[in-house]
Amino acid sequence: MSVLSREWLLDPSPKSRGQARAGQIYLGCVRLFRNRLALTGLIVVLALVVIAIFAPLFATHDPVAQVLQDRLQRPLSPGHILGTDEFGRDIWSRLVYGSRVTLYIVLLVTLTAPVIGLIIGTVSGYFGGWTDTVLMRITDIFLAFPRLILALAFVAALGPGVENAVLAIALTAWPPYARVARAETLSIRSTDYIAAVRLQGASSGRILFSHVAPMCLPSVIVRVTLDMAGIILTAAGLGFLGLGAQPPLPEWGLMISSGRKFLFEQWWVATMPGLAIFIVSLGFNLLGDGLRDVLDPRSSGK
Amino acid sequence: MTSVSSSDSGGAAARARSGLSGFLRLVATLAATFLGLLAVTFIIGRIIPIDPVLSILGERATEEQMAAARERLGLNDPLIVQFGIYVRDALSGDFGTSLLTSRPVLEDVKRVFPATLELSTIATILGVLFGIPAGVLAATKPGSLADQLVRLVGLMGYSMPVFWLGLMGLLIFYGQLDWVGGPGRLDTTYEFMAELDVPVVTGMILIDTALARQWDIFGNALSHIILPASVLGYYSMAYISRMTRSFMLEQLGQEYITTARVKGVPEWRVVWVHALRNIAVPLITVIALSYAYLLEGSVLTETVFAWPGLGLYITNALFSSDIAAVMGGTIVVGTVFILLNLFSDFLYKRFDPRARA
């Protein structure tokens with residue numbers, strides 16, 4: 001038996017659970033790669049990750065070193081492919097290092113908000129009754145706020161900075177996950193295998209975290225990938241307003257805001273970071289759309 | 001759409017009863033959500049590291065003055081009592097006094113809100129005018145070039161930061177082409193004329209100048225509003241066209257559409273009359289929601305375009321640590337958001353019999 005051959009992966013009667021799962025993942029990848037737009041998205045996202053990890057290799061200059069005699073150089077000028085900003089810092093190198101900030105924010109938010117949402121949603125859906133009413137009321141209140149404005153209010157209270165921006169975005173991003181997890185839990189709660197686990201004497205906590213939460217994960221993951229672009233845009237918005245990352249950190253939204261002062265004379269300073277945000281968000285959106293089609297065939301084509 | 005009417009009076013009474021309890025539930029939801037809104041802003045206001053007494057009296061106040069102010073502001077009471085007072089004040093329209101303008105926050109908000117309302121209304125109109133035809137067009141020929149284009153334009157709308165698109169618009173249409181007016185609601189020269197000749201009636205510059213028959217000021221105002229409204233309208237169009245496409249696709253697969261086609265109804269009539277009428281209700285709820293989201297987009301857009309609306313007011317207040325103004329503005333935006341959400345919910349339940357079960 002040759003492991004990892006196409007026949008082994010597509011075996012209609014898999015010998016083990018691992019083989020079946022590997023086959024499913026293989027089929028999902030095939031479907032994802034056949035979707036050219038999703039593949040483009042995946043490449044963009046992978047490129048972002050590679051650039052962020054190996055930033056020193058891609059950067060041509062120090063992202064924070066000021067070289068005042070080189071200030072406001074045009075794009076494609078010698079040594080500065082995307083030009084320089086008002087302090088003579090190379091814009092390409094700043095974008096490269098800025099990808100770390102962006103990825104850092106996205107990772108932290110996607111590690112916290114879905115977990116909060118998952119806990120609240122599964123508890124709410126599993127116990128029902130008063131717990132459900134109270135938790136869903138709270139969720140509705142957070143959903144009723146426009147996200148950016150609530151994040152603004154939180155940052156106003158906590159003070160500006162990357163960590164506080166992450167906290168503010170996470171605090172405003174969890175309600176949709178809670179909704180999704182609750183809806184899934186409601187249908188899982190009444191299944192036979194949950195009843196079987198309960199009859200075996202498993203505690204509520206055990207049922208929730210070992211049996212209900214894992215079943216909610218796929219739909220939550222789809223939402224997370226679709227939300228990543230939104231998280232990037234909100235973080236950039238906070239940075240633009242001066243409430244997120246602080247100078248001299250090369251955060252993309254902050255870079256746009258500093259380029260705004262000489263938009264009409266030196267257009268590239270504000271334009272380039274915006275293009276970076278646009279490309280990365282588009283990548284996440286394309287990948288999210290593709291993943292949804294693979295993981296959740298019910299909603300494909302919509 | 002025909003309404004389902006039952007002839008027996010028992011059904012009507014039951015419907016009236018369910019209508020009443022539905023209304024009560026709506027009011028209860030509204031009250032609970034509003035109370036939650038106040039709780040959130042109250043908690044945020046309390047965890048702020050800025051001492052309200054210090055910011056009112058300044059650094060040079062004596063210990064006794066500080067203690068007196070603390071007592072007067074009720075800061076020594078238990079939190080729940082403070083929250084009660086906060087809710088009572090908010091319900092009577094008292095959101096405190098802005099440090100920046102030294103006027104009641106509510107008065108400030110009333111002054112700046114029309115500018116935001118005007119901007120988002122025009123943006124929504126643009127979004128509807130372009131979004132619905134684009135979505136319908138995409139749905140009638142799925143997979144075609146037009147469909148791909150509509151999807152791409154929509155996807156781009158979900159991926160571009162609104163403040164950057166605004167800046168690019170300014171760069172191209174104001175800086176390079178000079179087709180539109182720059183930031184602000186009017187050119188500086190017109191601003192003086194407007195102050196003299198245009199009485200503030202609604203606070204919306206297009207309506208006020210039209211009422212005063214100052215057509216050249218009206219024209220200038222129009223040249224200023226068109227760019228920010230288009231930028232916001234683009235986002236609303238992206239959302240509306242995407243939803244229209246998906247609603248329309250669903251309708252066009254229904255049997256009554258086949259029936260209409262078999263009967264020989266012209267294709268344009270099938271699509272634009274039969275199918276469109278059936279997606280009208282969900283579409284209106286989508287439009288109401290997109291209107292609510294524009295309030296959010298307006299915070300960043302108003303900053304870029306120096307548009308004197310609620311968004312700019314909140315961000316300016318934020319930078320001068322004018323917390324009363326920030327929270328007041330947040331509550332107003334949140335309230336409008338809640339009302340629009342409930343309105344779209346209500347429309348949906350009222351006009352779509354399928355949603356009533």
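Coordinate-derived values only; no laboratory data. It should be emphasised that the depicted structure is a prediction, and the values quoted were computed from it without experimental measurement. All Cβ positions, even for glycine, are placed from backbone atoms using ideal geometry, and neighbour counts span all protein chains on display.
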- Determine which lysines satisfy two conditions relative to B:Lys263: a Cα distance under 25 Å, and not lying fewer than 8 residues away in the same chain. B:Lys141
- Task: Quick one: plug the Kirkwood hydrodynamic radius of region A:1-122 (C-alpha pairs) into Stokes-Einstein at 10 °C, 1.306 mPa s, and report D in µm²/s.
- Result: 86
- Note on the structure: Mean other chain Cβ within 10 Å across B:296-306 is 4
- Task: Please work out the Kirkwood hydrodynamic radius for chain A, using every pair of different C-alpha atoms, and report it in angstroms with one decimal place.
- Result: 21.7
- Item | Sequence of B:Ile314, A:Ile141, A:Ile231, A:Ile119 once ranked by neighbouring C-beta atoms within 10 Å, starting from the fewest | A:Ile119, A:Ile141, A:Ile231, B:Ile314
- Query: Can you give me the pair-distance distribution of the protein assembly as shown, C-alpha pairs, 10 Å bins, whole percents?
  - Reply: 3, 12, 21, 26, 21, 12, 4, 1, 0
- Task: Mind checking B:149-162 for the average number of partner chain beta-carbons within 10 Å of each residue's beta-carbon?
- Result: 5
- Query: Which FRET efficiency value, to the nearest 0.05, do you get for A:Thr133 and A:Arg21 by plugging their Cβ-Cβ distance into 1/(1 + (r/R0)^6) with R0 = 51 Å?
  - Reply: 0.85
- Here, trypsin sites (Lys or Arg not before Pro) of region A:59-94 satisfying both criteria (DSSP loop; at most 15 other Cβ within 10 Å) are A:Arg71
- Task: Pairs of Cα atoms under 8 Å, at least six residues apart: use those to get the relative contact order of chain B, whole percent.
- Result: 24
- Pop out the ³J(HN,Hα) list for region A:115-124 in order, Karplus 6.51 cos²θ - 1.76 cosθ + 1.60 with θ = phi - 60°, rounded to Hz; leave Gly and Pro as x. 5, 4, x, 5, 4, 5, x, 5, 4, 4
- Task: Excluding A:Arg198 itself, calculate the net charge of residues whose Cβ lies under 15 Å from the Cβ of A:Arg198, where each Lys or Arg counts +1 and each Asp or Glu counts -1.
- Result: +1
- At 0.36 nm per residue, minus the direct Cα-Cα distance, what do B:Ser144 and B:Leu99 gain on full extension? Give it in nm, one decimal, please. 10.5 nm
- In Å, the C-alpha Rg and Dmax of chain B are 25.0, 88
- Note on the structure: Expressed as a whole number, the average count of other chain Cβ atoms within 10 Å around the Cβ atoms of B:234-242 is 0
- For the protein assembly as shown, what is the calculated [θ] at 222 nm in deg cm²/dmol (nearest 500), taking -39500 (n - 2.57) for each run of four or more DSSP H residues and dividing by its residue count? -24000 deg cm²/dmol
